[in-house]
Amino acid sequence: MPDEKPIASNRRRAATSWAAREFKRFVVMFLYLWVLLALFVLNETVILRQRGIDFAPHGFALINALILAKVMLVAEELDLGDRLRPRPLIYPIVLEALILSVLFTAFCIVEKVIVGLIEGDTFATSVPVVGGGRLKGLVCVAMILFVSLVPFFAFRRVSRELGPGRMRAMMLGVPAAPAAAATSDSA
């Protein structure tokens, strides 16, 4: 029975370490999406003000970034781009950006419909007007989202290929993690 305490302690440390790692990933995704969505809101605000309409839903960017970061975290756990692992990095980067842009667009539409139905609207009036309400506008918004997600996934994939801490060291001058430094010193 005395062996149970170290095992429980190790499990608790492993769980804490995993939770901290996942929270850090979530925060990075949230911040990227928040900046991205805030820029969309800023663009919409500028366009509407040119037409004399005062509108600035900045809470939209914050709330949706939180929700979409969680969706992104779950989708990333599914490793959808890993099916293309032996191919050049551009393929999983583009695939992940494409899947997430379609998923985000669908999630946005479903979310608006559910909120509308809860508020007592009909299904038809709950469907959001995305990109002017036409298919061409919807595709345009999805394409902007896709292009905006490519740098995020490129950074993540290249960072993963370089190894723990190497991208941070290269980009920010922060020393790489000790395990990565020891591996590079022995090479």
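Just need a number here: residues in segment 140-176 that are among the small types (Gly, Ala, Ser) and in contact (Cβ under 8 Å) with a residue 12 or more places away in the chain. The total comes to 6. Identify, please: which residue in segment 47-62 is under 23 Å from residue 151 (Cβ atoms) and modelled with pLDDT of 75 or more and is, among those, surrounded by the fewest Cβ atoms within 10 Å (Cβ to Cβ)? Looking at the filtered set, the residue picked out is 62.
Given the criterion at pLDDT 80 or above, within 26 Å of residue 141 (Cβ to Cβ) and among the small types (Gly, Ala, Ser), identify the matching residue among 14, 19, 38. After applying the criteria, what remains is 38.
None of 168, 87, 83, 157 is out of contact with any Asp or Glu (no Cβ under 7 Å at 6 or more places or on another chain), at pLDDT 85 or above and either basic (Lys, Arg) or not in a helix (DSSP H, G or I) (or both) except 157.
The C-beta contact set for segment 108-122 (first residue more than 17 Å from residue 66 (Cα to Cα), second residue of a type in the set (A, V, I, L, M), distance under 8 angstrom, 6+ apart or interchain) comprises 113/127; 116/127.
Taken as a whole, the structure places residue 95 among residues that are within 20 Å of the chain's Cα centre (by Cα), closer than 17 Å to residue 72 by Cα and at pLDDT 80 or above. Please tell me if residue 137 is in a helix (DSSP H, G or I), farther than 28 Å from residue 26 by Cα and either under 23 Å from the mean Cα position of the chain (by Cα) or at pLDDT below 75 (or both). Yes; evaluated as a whole, the condition is true for this residue.
The values are calculated or read from the model by the stated rules, or taken from the named source; none is laboratory data. It should be emphasised that the depicted structure is a prediction, and the values quoted were computed from it without experimental measurement. When we count neighbours, we look across all protein chains shown, and the Cβ atoms used for this are built from the backbone with ideal geometry, even at glycine.
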